[in-house]
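Undergrad: What follows is a structure written as structure tokens; I'll ask about it next.
Please treat every number below as a calculation from the coordinates, not as lab data. This structure is a prediction, so every number in the text was calculated from the model and none was measured. Every residue, glycine among them, receives a Cβ derived from its backbone with ideal geometry; neighbour counts consider all protein chains shown.
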Amino acid sequence: MTRHAWLKDTLTWTALALALPLAVRGSAPAAEPTVAGLPGSAAFAHWVGEFNGADDEIYPHDIPDAASGEFLAANVPLFSCPDREFERTMWFRWWTLRKHLRRTPDGWVMTEFLPDVPWAGKHNTISCAVMHHIREARWLADPRFLDDYGDFWLGKGGAVRSYSCPIADALWQRRLVTGDQTQVLALLPALIANYEAWERDHRAANGLYWQIDDRDGMEVSLGGSGLRATINSYQFADATAIAAIAEQAGKVEVASAFQARAATLRRLVLAELWNPADAFFEVRPLVDGQMRPSVGVRELHGYTPWYVGLAGQEQAVAWGQLMDPQGFFAPCGPTTAERRAKGFALNYSGHECQWNGPSWPFATAVTLTALANLLNGPPQQAIAKQDYFTLLGLYAASQRRTREDGVVVPWIDEVLNPLTGDWISRTRLKTWKNGTWDAGAGGRERGKDYNHSAFCDLVITGLVGLRPRADATVEVNPLLPEGTWPWFSLDRVPYHGHLLAIVYDRDGDHFHLGRGLRVYADGHELAAAPGLSRLTAALP
């Protein structure tokens, strides 16, 4: 296969398929593996058949179930592993993501809810989960979706500041995968203007940023509103990203100014939001413009500083709470508040979304990305990659629902009971208005196929370990512990204009490519190791 040949064919097919009416679309040709011996897209078609067969397609949009197989064959990396449930969840999340791609007069956008909800902005968009949308969709072969989406938020009517949203960081994270800085350079003035608007509206006198918990998407939280690790981490990330983009643009003074902003925020967050008594990042209320003492409760969003590289090993002791049953650990996913906290609750009354205890895929995705960042840094003793594997497995297993007929189907929704696996918001909404679904709250099955988190990105960058970089180096550091899966493969991964394949075969008898870990670009081996270890190699 010649360099870029598969990608060119894929983009040609996708452009044709999405331009044609559904009635005249054909079937996408099966995508062949980039390395002989790896499975092609035909090997995974059964997942699409299973998902389509079990689906109640209430809200079809531009890429309906009937076209889902075509879309996946043309766009997504091919992941295989010996854990059937884990593999199913990976494909399920790709399958649900395409439901949220909408073609509008402003180009392609991504939604959070499939039905239109009254609190959304233009084209039913909501900025709260944009960082997850972009990190997840950056692995699609067709770049048009995120090209349009980024432009929409910063110039075509997207209400980007209606919720906390690190848009500059998200777009920079995409650039680390594509290697193409065209969009971020073009959007640099808009990114700077967005950052400065946050400074005017949400920066307190002491230099930290405040946010209402609901505008973090975390209503009814125990810590409440104030100076939160979330918004401050996002502003740090955006300042860091803008500095990097400005440096690429040759704007030395702009880069220096935003590097200084990021350094100041790091210092303030570590000094003011880290509570030494609890060894955790906690909310500090802001009353009449004055910062009050820490609320003294650990919440899962206290791990956000690691999501953006703000915190480090010096604060790693906080991670001991993640696997503690009195902290955040629960059998169906981490809780949003520590279980020992006064006020911890799993309510089936009141507001249908409460972040005072339930597990929340949005926060779980942030936490696992943050944990992968920690585990890719210097050694620490608080937590290990076995814990990452355990938590990612619980997250995968939680994305299920038992139907009334007893059949278990893949499912992602809003609010999860971390002890039973029940989707609390769904259970709550079904009781409204004498058993009917309340149209004012989004309609029947509002949370079905909810697009408010990431999963595929966690597998690619964490478990498989592809660590995106700005330079022409491939870095792979799997967090899969030795002695667990004997093999896995991730193929057709678009990266800096190449197609990567990452293959692990402990004994060499599954793929017959040799023992250990191997990394390929465009079908040619770049690097190999006898076990699960960090590999780096220059792209051809």
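Undergrad: Under 19 Å from the 7 Å Cα→Cβ point of GLU85, by amide nitrogen: which residues of the stretch 322-348?
TA: Flagged as within label range: 329-335.
Undergrad: Multiplying the sequence separation of LEU419 and VAL117 by 0.36 nm and subtracting their Cα-Cα distance, what value in nm do you get? List each step's numbers first, then the result.
TA: Numbers: separation 302, 0.36 × 302 = 108.72 nm, distance 2.89 nm.
Gain on extension, LEU419 to VAL117, equals 105.8 nm.
Undergrad: In whole angstrom, note down how far apart the Cα centers of the stretch 356-380 and the stretch 470-523 are.
TA: Value for the Cα centre distance between the two parts: 23 Å.
Undergrad: Next question, about the same structure. How far is it, in nm, from the label point at GLN381 to the one at THR427 when both lie 7 Å from their Cα along the line to the Cβ?
TA: Rounded to a tenth, the inter-label distance reads 4.0 nm.
Undergrad: Here's something else I'd like to know. Mind putting together the pair-distance distribution for the stretch 376-430? All Cα pairs, 5 Å bins, whole percent per bin, short to long.
TA: Reading the bins upward from 0: 4, 15, 21, 20, 12, 9, 9, 6, 3, 1.
Undergrad: For ASP324 and ASP62 in one chain, what is 0.36 nm times their gap in residues minus the Cα-Cα distance, to one decimal in nm? Write down the numbers at each step before the final one.
TA: Details: separation 262, 0.36 × 262 = 94.32 nm, distance 4.37 nm.
Stretched out fully, the ASP324 to ASP62 stretch lengthens by 90.0 nm.
Undergrad: Taking the Cα centre as origin and putting +1 on Lys and Arg beta-carbons and -1 on Asp and Glu beta-carbons, what dipole magnitude results for the stretch 400-525, to the nearest 20 debye? Mind dumping the intermediate values first?
TA: On the way: 16 positive and 18 negative charges, 129 e Å.
I would put it at about 620 debye.
Undergrad: Starting from the amide H of THR104, placed 1.01 Å from N in the peptide plane, find each other amide H under 5 Å away whose residue is 5 or more places distant or on another chain.
TA: Distant-sequence amide H within range of THR104: VAL109.
Undergrad: May I ask you to work out the translational diffusion coefficient for the stretch 399-540 at 4 °C, viscosity 1.567 mPa s, via Stokes-Einstein with Rh from the Kirkwood sum over Cα pairs, reported in whole µm²/s?
TA: 71
Undergrad: Pairs of lysine in the chain with Cα under 22 Å and at least 8 positions apart or on different chains: total?
TA: Details: LYS99/LYS122; LYS99/LYS156; LYS99/LYS448; LYS122/LYS156; LYS122/LYS448; LYS430/LYS448; LYS433/LYS448.
The number of close lysine pairs in the chain is 7.
Undergrad: Can you pull the Rg over Rh of the chain, Cα-only, Kirkwood? Could the numbers behind the result be given before it?
TA: Working: Rg = 22.3 Å, Rh = 23.7 Å.
Expressed as Rg/Rh, it is 0.94.
Undergrad: Calculate, axis by axis, the spread of Cα positions in the stretch 343-440 along the three principal axes, and write the results as whole Å, longest axis first.
TA: Each principal axis gives a Cα extent; for the stretch 343-440 these are 56, 33, 22 Å.
Undergrad: Can you tell me how much longer the chain between ALA257 and ALA277 gets when fully stretched, taken as 0.36 nm per residue apart minus their C-alpha distance, in nm with one decimal?
TA: Details: separation 20, 0.36 × 20 = 7.20 nm, distance 3.39 nm.
In short, 3.8 nm is gained.
Undergrad: Which value in nm describes the separation of the simple spin-label points at ALA42 and THR473, placed 7 Å from the Cα toward the beta carbon?
TA: 4.0
Undergrad: If you don't mind, another one. In percent, what relative contact order does the stretch 151-230 have, based on Cα pairs under 8 Å that are 6 or more apart in sequence? Walk me through the numbers on the way to the answer.
TA: Numbers: 54 pairs, mean separation 20.6, N = 80.
Here the relative contact order equals 26 percent.
Undergrad: For the stretch 175-262, what percent of Cα pairs sit more than 21 Å apart? Kindly include the intermediate steps, with their values, before the conclusion.
TA: Working: 1442 of 3828 pairs.
Within the stretch 175-262, distances greater than 21 Å cover 38 percent of Cα pairs.
Undergrad: Here is a follow-up. Report, in whole Å, the centroid distance computed from the Cα atoms of the stretch 220-273 and the stretch 93-134.
TA: 26
Undergrad: Report the calculated FRET efficiency for ALA538 and GLU32 (r = Cβ-Cβ distance, R0 = 22 Å), to the nearest 0.05. Don't skip to the answer; put the middle values down first.
TA: Values: r = 26 Å, r/R0 = 1.17.
My answer for the efficiency is 0.30.
Undergrad: Only loop residues by DSSP count here, and only those with at most 15 other Cβ atoms within 10 Å; note down the chymotrypsin sites (Phe, Trp or Tyr not before Pro) in the stretch 52-125 that meet that.
TA: Details: sites: PHE71, PHE79, PHE86, TRP91, PHE92, TRP94, TRP95, TRP108, PHE113, TRP119; in loops: PHE113, TRP119.
Sparse-neighbourhood loop chymotrypsin sites (Phe, Trp or Tyr not before Pro): TRP119.
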